[in-house]
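One structure below.
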Amino acid sequence: MLQIQEVEFAYGGSQAVAGCTFDVPDRKVTGLIGPNGAGKSTLMEIIAGGLTPSSGRIVFDGTEIQGLGRIRVARLGIIRTFQTPRELTRLPVMENLVFAAPNQIGEGPLQSLFRRSRWAAQERELRLKAESLLEWVGLTKLREEPAGSLSGGQRRLLEIARAMMAEPKLLLLDEPSAGVFPAVRKLIAERIREMVERGITVLVVAHNMAFLSDVADDVVVMAQGKVLRRGTLSEVRADESVVAAYLGGGHVGGTS
Amino acid sequence: MLYFIADLLALGAINAIMAVGLNLQYGQAGILNFTYYTFVAIGAYIGAVTTMGHPPVPASEETFILQWNLPWPVALVLAGAVAGVLGLFMVLVVIRRLRSDYLAIVTVSLGFIVWDLITNYVPLFNGANGLFNVPYILNGATASEITYTLEVFGVAMVVLAVCVWVVRSIFRSPYGRVLRAIREDEVVAASFGKATTSSRVWAFVLGCVMAGLAGALLVFYVNAWNPQGFLAEESFILMAAIVIGGPGNYWGAVLGTFVFVELLSEIERYLPNFGNGALVGAGRAVLIGIVLIVVIRFRPDGLIPERWLRWYRVPAGGGQGGAAGSQSRGEPRRRLGWPWLGQRSEI
Ligand SMILES: Nc1ncnc2c1ncn2[C@@H]1O[C@H](COP(=O)(O)OP(=O)(O)OP(=O)(O)O)[C@@H](O)[C@H]1O
Ligand SMILES: [Mg+2]
């Protein structure tokens, strides 16, 4: 589904991603872990089209997508969430969801004025779908609240529902469980597994080992911009080089 | 007194057209255009030179391009179109490369360039002297002053109605939602594949068209146009009206101009002039500043906040629409209160 090949990227002088290569297999959850500053978020940003790698290729469904830009990458079906949730804070929760749906007829200026009946029919369907997604993540009651009034955990859930609304093929989740209560973390893990059952491929960055063991089929460890090791979570945790890398920057199984 | 009210209504309606257009640019699309009045001026000039015909040579020494003699409705449409094209030009220069704070600065400089060009290049629009003897529309040449004023008011209300319809339709449509999304967070909008650039470009252009329409109506009404009438100050005053009325809410924009721009410029007549006429204008500026500060302090979302509008009304028809489409209407008024006080659930 997605191949990352020798990708390099530097912010000014500091090399954040230094020749990173791995595959994200179809219909699986791939966990991406590594100490703080390993370059995980940077890599996610590169995949999502927000940054152009200085070298290397990113191949999605057989086509190279590096440097395409966010909009075109998103239209290919690669949808992401953000390490710090980015809701449209002044818009109601409902609008945050419906907005995310792809191929909306009424999004063109002329269509919005003169194709009213066509987009209205689509809009009704999208709203029903959004309703069911809200129920799916337990936010139905907050439907009309401005998204900025949500708590941290609710925002994470909203981001997941919003990503689902976009009908992704590949979902990039950057620390979806960071800073939430264990109960919500369980719920998020459950929802991610359900996504995979619906045929979505997931690449998820996380630090929490309990969460990873719930969701990840397979784990890629990054350190200093490179892939250090790949395997199941228990294999990886037993690996000495991985432990050493974490001792440089943190612990395996830190709680964030 | 009657004439005074009629004059207030006519100018108010024309200003409201500007406000609705600026509301589309700033309130909806989040584009900070500090030179909106330049587009009003362009509309005014085009409206003038396409209806003035050949200048009466001995009586005046006006020189200007085109010298057409079009029927006024055609001139009106043309004024809107030219302002729109100029807006497209301007926005294509700036929108791709610049963040919105730079955009504001660039709009100011581009406005000064246009102003310089018009005042210094006399063959274009008679330079710094401005245009006068712009013909009346309708039966204005023979009608009484008050009749003409009411007629202009009527025409302006029709144009205003069309503009409000356009902005309202956009506001309630998925296109409007994309504009708001871009305004809230452009990165998020792009991350969901929304056409961020073209969406903003069209909102900007449509806003400029409305400015052009308003400018033409204004010049038909007052029959003259002086370049001093479109200094940067006018754009700032309009912007203040939008902020006070409620950016993002087209009714707020209309209210802001009617109540605020109109009333304050009328109050001007009653301000003490301390023996110096120039101080009156300064007095108005100070008043505007005070009102602005008070509003921003106590009602940061303006007098009529955006959230008072129903977001969407899915048009009637289609049985199951009720469930999802109309809940925003059935929802109790509670959610119209202050933001951030919403209920939190247990999660
Ligand atoms: N915008 C930026 N400008 C400059 N350097 C940056 C920027 N963003 C990240 N970096 C640097 O690039 C490196 C990789 O950062 P990145 O955010 O990708 O790490 P990460 O693996 O996501 O870490 P974390 O677990 O803390 O989220 C770090 O050294 C970081 O300091
Ligand atoms: Mg990160």
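Bear in mind that the values in this text are calculations on the coordinates, not laboratory data. Note that the coordinates shown come from a computational prediction; the quantities given were computed from them, not determined experimentally. All Cβ positions, even for glycine, are placed from backbone atoms using ideal geometry, and neighbour counts span all protein chains on display.
About the centre of its Cα atoms, the stretch A:89-149 shows a dipole size close to 200 debye [charges on the beta carbon of Lys, Arg (+1) and Asp, Glu (-1) only; nearest 20 debye].
Which value, in debye to the nearest 20, gives the size of the charge dipole of the stretch A:141-206 about its Cα centre, when Lys and Arg are +1 and Asp and Glu are -1 at the Cβ?
120
Eigen-decomposition of the gyration tensor built on the alpha-carbon atoms of the protein assembly as shown gives equivalent ellipsoid semi-axes of 55, 26, 21 angstrom, largest listed first. Projecting label points 7 angstrom from Cα along Cα→Cβ for A:SER241 and A:ARG115 puts them 5.3 nm apart. Inter-label distance, B:ILE293 to B:GLN67: 5.3 nm, where each label sits 7 Å from its Cα along the C-beta direction.
Rounded to the nearest 20, the Cβ-based charge dipole of chain A about its Cα centre (Lys and Arg +1, Asp and Glu -1) stands at 640 debye.
From the C-alpha coordinates alone, can you work out the Kirkwood hydrodynamic radius of chain A, in Å?
Details: mean 1/r = 0.0527 Å⁻¹.
Over chain A, the inverse of the mean reciprocal pair distance is 19.0 Å.
Looking at chain A alone, DSSP beta bridges between its own residues are antiparallel in about 55 percent of cases. For the pair A:GLU135 and A:ASP217, a Förster radius of 25 Å applied to the C-beta separation gives a FRET efficiency near 0.40, rounded to the nearest 0.05.
If R0 is 35 Å, what FRET efficiency do you get for B:ASN120 and A:ARG72 from their C-beta distance, rounded to 0.05?
With a Förster radius of 35 Å, E is 0.20.
For the segment A:137-143, counting C-beta atoms of other chains within 10 Å of every residue's C-beta and taking the mean gives 3. The label point for B:PHE89 and the one for A:VAL196, both projected 7 Å from the Cα toward the Cβ, are 5.8 nm apart.
Each peptide among B:216-223, A:177-184, B:180-187 gets the average number of other Cβ atoms lying within 10 Å of its residues, and from highest to lowest they stand as B:216-223, B:180-187, A:177-184. Please report the antiparallel percentage of DSSP beta bridges with both residues in the protein assembly as shown, rounded to the nearest 5. Bridges in the protein assembly as shown that DSSP calls antiparallel: roughly 60 percent. Binning at 5 angstrom from zero up to the longest distance, how are the C-alpha pair distances of the stretch A:89-149 distributed in percent? So the P(r) values, bin by bin, are 4, 19, 24, 21, 17, 11, 4, 0. The length gained by stretching the chain between B:MET1 and B:VAL259 to full extension, at 0.36 nm per residue less their Cα-Cα distance, is 91.1 nm.
Measuring max minus min along each principal axis, the C-alpha atoms of the stretch B:2-230 give extents of 63, 38, 27 Å (largest first).
May I ask you to list the residues of the stretch A:110-130 whose amide nitrogen lies under 14 Å from a point 7 Å from Cα along the Cα→beta-carbon direction of B:SER198? The answer is A:110-112.
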